[in-house]
Structure formats: C-alpha cells, structure tokens
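Notes for the one structure printed next.
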Amino acid sequence: MLIVKKFGGTSVADKERIYNVAKRCIEDYYAGNDVVVVLSAMGKYTDELLDMAHDISEKPPKREVDMLLTVGEQISVSLMAMAMNELRVPAVSLNAFQVSMHSTSDHGNARLKRIDTERILRELENRKIVLVTGFQGVNKFDDYTTLGRGGSDTTAVALAAALHADACEIYTDVDGIYTADPRLVPTARKLKEITYDEMLDLATLGAGVLHNRSVEMAKKYSVPLVVRSSLNNNEGTVVKEEISVERMLISGVALDTDAVRIAVIGLKDVPGTAFKVFDVLAKKKINVDVILQSIGRSGTKDISFTVHKNDLDEAVAALEAARARLGFKELHAVKSIAKLSIVGAGMMSNPGVAAKMFESLYNAGVNINMISTSEIRVTVLINEKDGIRAMNAVHDAFDLAD
Ligand code: ADP
Ligand code: ASP
Ligand code: MG
C-alpha cells in the first residue's frame with residue numbers, strides 16, 4: 001500500500017511529538033507500506049514568522065512573505081528525517097522545489113496545478129520514507145508560493161491523488177471531525193463519516209479542521225480521507241462521497257469570525273448595479289459571501305455582503321476607486337460580525353430546518369443581520385460577541401449533543 005500521512009503543527013510541536021510521529025510512520029513502513037509524510041510547521045511557528053515579517057514591515061511584499069513562511073515546514077521535515085535516522089529508518093526530506101509541486105502564482109493563496117511524482121517514486125523505490133513540506137508550491141517564475149493558512153491538508157490530498165495513494169490520513173489534535181468545533185462547543189460529538197459536500201461547506205464556513213481546498217480536491221479525485229488524532233489510536237472520521245450511517249438532519253455547525261461586512265449605500269436602482277459592484281471585486285479576485293440587497297430611499301438601493309477580513313482593505317479601495325462609475329453615496333465596513341452556519345444533506349428533504357435554527361437564536365436572544373441559504377446549508381450573520389453562545393444554542397437545538 002502507498003499511504004500519505006499528514007501531521008499538523010501541534011502534532012510536531014516539540015521533540016517528544018516529533019519522535020511520536022516518527023514512530024507512527026515507521027510502524028506503517030515496517031508493515032511493508034510505502035509511506036509519504038506531509039508536515040506543517042512546528043506549533044505556531046507560521047504565526048511567529050508572520051509576526052516577524054510584520055515587525056520589519058507594515059506591508060511586506062507577498063513574495064517575500066512566502067519565501068519566509070516556507071522555512072517553517074522545511075524545519076519540520078528536516079528534523080523529522082533526523083529523528084527517523086536516529087531510529088535507524090531511512091528517510092529523506094523534500095521541499096516543494098525538490099519535488100516540483102507546481103502552483104499558480106498568487107502568493108499567499110496559490111493553488112496546486114501539477115505535481116511531478118518522479119523524485120518521490122524514486123525515493124520510495126529505494127525504501128525511504130519520504131517527508132514532504134506542506135503548504136508550499138513553486139510558481140512559473142520558480143518562486144515559492146503558499147497555499148493559504150491550513151494548506152498542508154491540501155498538499156497531502158494533492159500528493160495522494162498524484163501518487164494514486166491507497167490511503168490519505170490527516171492527523172491532528174482532535175479525534176476527528178465533530179458536529180462543531182469541540183473547543184467552542186463542549187457537547188460536540190464525533191462523526192463517524194461525513195460527505196465531501198458537507199465537509200466542503202463546513203470547512204469553507206469556518207470549521208478549520210480541514211483546509212477547504214483539500215476537501216474540494218479529495219472530492220474531485222475521489223481520495224477517501226480519514227481525519228484522526230496523532231496522540232491516540234481512536235478511530236477517526238471518514239470523509240467520502242456517500243455515507244452509510246443513518247443521516248441526521250444536520251451534520252454540523254460552523255462559526256466564522258474572519259468575515260467582515262461591507263455595505264454599499266445609495267446605489268442607483270437600475271439594471272446592472274449589482275453586476276458592476278461585484279465585477280469590481282471579482283476583478284481583484286475577492287471572494288464575496290452572504291449578500292443582501294435592500295431598498296434604499298428615493299429610487300436607490302443598498303447592497304451588503306461579507307468578505308474575508310484580509311480582503312477588507314483591498315475591497316474598500318477597489319470600490320472607492322470605482323465610486324464615480326458605481327454612483328453610491330456611502331461605504332460602511334463592520335468588523336465585529338460572525339457567520340454562523342448549519343450544514344447537512346439531511347435538510348434537503350426536511351422543510352423547517354431554517355425555521356428551527358431561527359427559533360433557537362430567538363430563544364437565545366441573538367439578533368440576525370443577514371441570512372443566506374443553499375440546498376444543504378443555512379448561514380446567518382450575527383454580532384461577533386454572540387458567536388459562541390449562538391453556536392452552542394443552535395448545536396443543542398438540533399440534538400447534536402452527546
Ligand atoms: P492542524 O495543525 O493539525 O492542521 P488545525 O488547528 O488546523 O490542526 O485543525 C484542528 C482544529 O480544528 C481543532 O483543534 C479544532 O479546534 C478545530 N475545529 C474546528 N471545527 C472543527 C470540527 N467540526 N471538528 C473538529 N475540529 C474542529
Ligand atoms: N503552517 C501552515 C499554517 O499554519 C500550514 C498548515 O498548518 O497547514 O497555516
Ligand atoms: Mg490545519
């Protein structure tokens with residue numbers, strides 16, 4: 001079997017944990033498998049590197065930030081190779097350049113396009129454990145890129161797809177995927193299985209347990225994923241196309257506090273206004289989420305929407321630059337908001353799910369600012385200070401608790 005195993009930052013945070021991971025990988029190796037291991041930077045090292053960058057410069061060039069961040073994962077893989085060497089198992093560490101993991105050019109948010117498998121296969125052929133840096137790619141200018149925070153998951157899935165791996169295991173600091181972030185919702189329950197679509201929505205809506213692109217890629221290439229703990233042997237959660245266990249009404253609740261709301265006030269109420277507003281943002285590759293259009297005064301309208309907080313400055317600048325053409329009166333940005341979502345394929349055939357969510361928020365005294373829905377999710381925008389309380393209220397209202 002060829003197994004791709006990925007370990008996150010907490011799982012390799014210190015010497016003891018590095019040896020713990022080394023031993024887990026070696027077990028698979030001695031069982032006769034080919035083992036490819038993807039690692040993240042140790043502990044919170046990526047945050048520390050980012051702090052260093054922002055200490056030197058308020059707006060560091062994105063290329064140089066990526067150059068700096070790639071160091072984090074390189075430390076992990078080289079130390080891991082040394083640990084395995086100590087344990088008398090041949091291992092080799094490789095970065096994105098050495099593997100040749102081709103990505104798009106967007107620094108800080110690149111997408112993997114193609115992975116050359118030759119070097120990895122050769123090392124496996126020589127019976128080595130191959131340790132690959134997560135989170136990084138190389139663009140057409142031969143510069144390092146990074147895949148967005150949490151992107152090592154995507155490296156692992158991409159490698160599993162490219163190598164036609166038999167298993168892709170994501171090891172982290174919780175026992176699997178829960179009905180809500182167990183650190184925020186104490187009653188959250190571990191799921192045995194979840195579908196790609198549900199997990200993709202949860203990941204996109206704030207469940208940081210998996211990078212959303214990793215789920216997107218797993219679905220596209222039918223890579224079955226297992227999420228489990230690096231600290232114990234408990235059974236984890238399987239992410240796949242169809243699940244066999246009995247379906248609950250909803251599978252999970254997610255909270256996203258990284259969103260900000262922008263309101264464009266006093267736009268002309270004529271055809272094409274919404275198109276022009278969102279085209280300005282699309283040209284800057286800014287993702288827009290929950291959208292609300294409402295009637296303003298005397299033939300005008302207002303459009304509100306959310307963007308990721310990292311995109312706020314760029315979105316405001318782009319809209320201001322187009323002010324004359326768009327013809328709006330005011331632009332407001334609100335940072336203290338949270339997006340709360342419920343996700344579940346079970347809601348397709350069950351009317352009343354949204355109403356139940358709203359009722360539980362009403363009972364908890366939480367005000368809703370905006371609402372958006374899809375076939376398998378309902379998202380509401382609320383005040384940030386209500387976030388965790390609202391999340392618990394909704395979670396427990398759907399009987400997801402243990
Ligand atoms: P890693 O460093 O291993 O990639 P992350 O911090 O990225 O770990 O992801 C694991 C964390 O995701 C958990 O510690 C947990 O707090 C958080 N999390 C958010 N939503 C969920 C969920 N639905 N199920 C499990 N964990 C979740
Ligand atoms: N080290 C990177 C981060 O902190 C990538 C990852 O952990 O997946 O975002
Ligand atoms: Mg992660």
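The values are calculated or read from the model by the stated rules, or taken from the named source; none is laboratory data. None of the values given here were measured: they were computed from a predicted structure. With ideal geometry, Cβ positions are generated from the backbone for all residues, glycine too; neighbour counts draw on all protein chains shown. Ligands, DNA and RNA are stripped out before the accessible areas are found, and what is left, the full protein with its side chains, is counted by its heavy atoms. Shrake-Rupley method; radii C 1.70, N 1.55, O 1.52, S 1.80 Å.
At a glance:
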quantity: Of all residues in region 1-41 being assigned to a helix (DSSP H, G or I) and within 16 Å of ligand 3 (Cβ to nearest atom), the one that is farthest from Asn232 (Cα to Cα); calculated: Gly9
quantity: Answer residue from region 127-139, given it is in contact (Cβ under 8 Å) with a residue 60 or more places away in the chain and in a strand (DSSP E or B) and is farthest from ligand 2 (Cβ to nearest atom) among those; calculated: Ile129
quantity: Subset of region 4-32 (residues that are open to solvent by less than 10 Å² (accessible area, probe 1.4 Å) and more than 16 Å from ligand 2 (Cβ to nearest atom)); calculated: Ala22, Cys25
quantity: Unmet requirement for Asp279, which otherwise passes all of (1) open to solvent by less than 60 Å² (accessible area, probe 1.4 Å); (2) in contact with a strand residue (DSSP E or B) (Cβ under 9 Å, 6 or more places away or on another chain); (3) among the charged types (D, E, K, R); calculated: (2)
quantity: Residues located in region 223-262, provided they are open to solvent by 10 Å² or more (accessible area, probe 1.4 Å), part of a strand (DSSP E or B) and in contact with a Leu (Cβ under 8 Å, 6 or more places away or on another chain); calculated: Val238, Lys240, Leu255, Asp256, Arg261
quantity: Residues located in region 387-402, provided they are in a helix (DSSP H, G or I), open to solvent by 10 Å² or more (accessible area, probe 1.4 Å) and either farther than 12 Å from Ile250 by Cα or touching a strand residue (DSSP E or B) at 6+ places or on another chain (Cβ under 9 Å) (or both); calculated: Ile388, Arg389, Asn392, Ala393
quantity: Pair list, Cβ under 7 Å, 6 or more apart: region 140-154 residue among the charged types (D, E, K, R) and open to solvent by 30 Å² or more (accessible area, probe 1.4 Å), other residue assigned to a loop (DSSP other than H, G, I, E, B) and away from ligand 2 (no atom under 13 Å from the Cβ); calculated: Lys140/Ser105
quantity: Flag if Arg213 is under 18 Å from Gly8 (Cβ atoms), charged (D, E, K, R) and not in a strand (DSSP E or B); calculated: yes
quantity: All positions within region 109-123 that are open to solvent by 10 Å² or more (accessible area, probe 1.4 Å), out of contact with any His (no Cβ under 8 Å at 6 or more places or on another chain) and at pLDDT 95 or above; calculated: Arg111, Thr117, Glu118, Arg119, Leu121, Arg122, Glu123
quantity: Any hit, region 343-350, residues being without any contact (Cβ under 8 Å) to a residue 40 or more places away in the chain, under 23 Å from the mean Cα position of the chain (by Cα) and surrounded by fewer than 16 Cβ atoms within 10 Å (Cβ to Cβ); calculated: no
quantity: Neighbours by Cβ (under 6 Å, 6+ apart or cross-chain): first from region 1-13, charged (D, E, K, R); second in a helix (DSSP H, G or I) and more than 8 Å from ligand 1 (Cβ to nearest atom); calculated: Lys6/Ala156
quantity: Test result for Tyr178, aromatic (Phe, Trp, Tyr), open to solvent by 10 Å² or more (accessible area, probe 1.4 Å) and within 15 Å of ligand 3 (Cβ to nearest atom); calculated: yes
quantity: Of the criteria (1) within 26 Å of the chain's Cα centre (by Cα); (2) more than 15 Å from ligand 1 (Cβ to nearest atom); (3) surrounded by 18 or more Cβ atoms within 10 Å (Cβ to Cβ); (4) farther than 20 Å from Leu163 by Cα, which one Val35 fails; calculated: (4)
quantity: Residues of region 296-335 satisfying the condition of being farther than 24 Å from Val378 by Cβ, in contact with a strand residue (DSSP E or B) (Cβ under 6 Å, 6 or more places away or on another chain) and open to solvent by 80 Å² or more (accessible area, probe 1.4 Å); calculated: Lys329, Glu330, His332
quantity: Only listed residue being surrounded by 21 or more Cβ atoms within 10 Å (Cβ to Cβ) and within 16 Å of ligand 3 (Cβ to nearest atom), chosen from Leu131, Leu69; calculated: Leu69
